[in-house]
Amino acid sequence: MSLIKKITLSESEIPENWYNIVADMPNKPLPPLHPGTKEPIGPEMLAPLFPMELIRQEVTTDAWVRIPEEVRELYKIWRPTPMFRAYSLEKALGTSSKIYYKYEGVSPAGSHKPNTAVPQAYYNKQEGVKRITTETGAGQWGSALSFACQLFGIECEVYMVKVSYEGKPYRKIMMNTWGAKVHSSPTNHTESGRKILAQDPDSPGSLGIAISEAVERAMQDEGTKYALGSVLNHVLMHQTVIGLESITQLEKAGDLPDIVVAPFGGGSNFAGIAFPFLRFNLTQGKQIRCIAAEPASCPKLTRGVFRYDLGDTVGMTPLLPMYTLGHNFVPAPIHAGGLRYHGAGAIVSQLLNDGLIEAQALKQLECFEAGITFARTEGIIPAPEATHAIATVIREARKADEEGVSKTILFNLCGHGHFDMASYEQYLAGKLVEHEVTQEEILASLAELDTPVIG
């Protein structure tokens, strides 16, 4: 049994390659479709939005993609990230299970998001791009891309979901500090935003709406590209540095997890830590359970349908094969803004459809209770998104104890909650409102879909 509390790596142990799980999947993700013709699209449709190297990474079936040395050097600003054995949490729970967490909150943006923001900015710079547009939910992705664009001298324009723009002002200031322009979405700056505001002047916004605005802006200017912080294949692949480092760290501790857990919004957080361990299942026959933890107010994995749907609200993106609640679905304004997305990435969706991963939906009061427990035992105040993983870990540890077994559980502590204290204040004051979407709301949203059915 390991008695190590903190497991660190040297800079030389930063991975040299990203892992592409598509190479090992028994069923490859279905192709994206043109929203008009419903036919599979080629690179030419993505070219106005992304540099060609990212398009190549989006469609590659190579298992390993080399990390550029310049990107690897920039990773050294915060990588390798530490892993901890959660002894104090284990003691508080009275569990016989071992709990480890990989802490991504040490990055400049305070989350895992720079793992893909830096390479995306790098490839855009290589292609001579002058400006990048993007959306952000809780502000973590917008912060990460603002930081990355500053590194490479690229302008950054961020459309931030209105409810987070108003509730998390310091995230906006963080982006401004790194030189980004930040808009409260929906806005009057785009046709997409004006359309939404005409329908609902008080719209709280959503990631789908913000994506529409950012994509529209990118398509209007040849010198501007678009960047996405989750969902797409290349984004999920960049994040696998988390899981690859985790494997090396657990080897040092003499452990291998029985269960891997991560929060789930669009898939990058979950993919980052889980995919390298899923590789053991797919290529070596191991049976590591990989659990995606999503909010009960936006339960696309647990209560959505698997079909083609738009990645945005207005219809600016290709149709993707995904578990979805419908692109018009506007989640409740919960504090885990990074998890308020209607759909899931194509790779994750295919893995779930094939029964290779699991998903659990959690209400926010249970999550904040878990976050408080973690902060009081391990000392780190987790982001609201991360509390979903912590709550799932607590569930699994208690379940193992009830069954009389001991499990080794690893989860991704994807970021700190230093800019989320207003939500903790509401929870501690007993003012946080519980929310779980009704079946009627889900069915009403899905009824609006006219997109191709899978199978």
| message | Based on this model, can you work out whether His416 counts as of a type outside the set (D, E, K, R), surrounded by fewer than 24 Cβ atoms within 10 Å (Cβ to Cβ) and within 18 Å of the chain's Cα centre (by Cα)? | response | yes
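Here is a yes/no grid of residues against (1) touching a Gly at 6+ places or on another chain (Cβ under 6 Å); (2) farther than 30 Å from Ile173 by Cβ:
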residue: Glu11; (1), (2): no, yes
residue: Ile21; (1), (2): no, yes
residue: Leu30; (1), (2): no, yes
residue: Ile41; (1), (2): no, yes
residue: Ile55; (1), (2): no, yes
residue: Glu90; (1), (2): no, yes
residue: Tyr100; (1), (2): no, yes
residue: Gly110; (1), (2): yes, no
residue: Pro114; (1), (2): no, no
| remark: How many residues of segment 70-89 are surrounded by fewer than 19 Cβ atoms within 10 Å (Cβ to Cβ) and within 14 Å of Ile7 (Cβ to Cβ)? The answer is 2
| said: Anything in segment 344-379 that is part of a loop (DSSP other than H, G, I, E, B) and either more than 20 Å from the chain's Cα centre (by Cα) or buried (at least 21 other Cβ atoms within 10 Å of the Cβ) (or both)? List them, or say none. | reply: Ala344, Gly345, Asp354, Gly355, Ile357, Gly379
| remark: Checked against (1) modelled with pLDDT under 95; (2) over 21 Å from Thr313 (Cβ atoms); (3) of a type outside the set (D, E, K, R), Ala210 satisfies every condition except (2)
| query | Do any helices (runs of 4 or more DSSP H) entirely within segment 235-343 hold 2 or more residues that are among the aliphatic types (A, V, I, L, M), and if so, which? | reply | 241-253, 268-284
| task | Within segment 282-299, identify whether any single residue is at pLDDT 95 or above and out of contact with any helix residue (DSSP H, G or I) (no Cβ under 9 Å at 6 or more places or on another chain), and answer yes or no. | result | yes
| Test result for Val231, crowded, with 24+ Cβ neighbours inside 10 Å, on the phi > 0 side of the Ramachandran plot and in contact with a helix residue (DSSP H, G or I) (Cβ under 8 Å, 6 or more places away or on another chain) | yes
| Scanning for something closer than 26 Å to His112 by Cβ, modelled with pLDDT of 95 or more and among the charged types (D, E, K, R), does segment 412-421 turn up at least one residue? | no
| message | Testing Lys225 on (1) modelled with pLDDT of 95 or more; (2) in a helix (DSSP H, G or I), one condition comes back false. Which one is that? | response | (2)
| remark: All conditions in (1) within 25 Å of Leu352 (Cβ to Cβ); (2) surrounded by 15 or more Cβ atoms within 10 Å (Cβ to Cβ) are true of Lys28 except (2)
| message | Among the residues that make up segment 425-434, is at least one of them acidic (Asp, Glu) and either over 23 Å from the mean Cα position of the chain (by Cα) or surrounded by fewer than 20 Cβ atoms within 10 Å (Cβ to Cβ) (or both)? | response | yes
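The values are calculated or read from the model by the stated rules, or taken from the named source; none is laboratory data. Treat the numbers as computed from the prediction; the structure is a model and nothing was measured. Cβ atoms come from the backbone with ideal geometry, glycine included; neighbour counts cover every protein chain shown.
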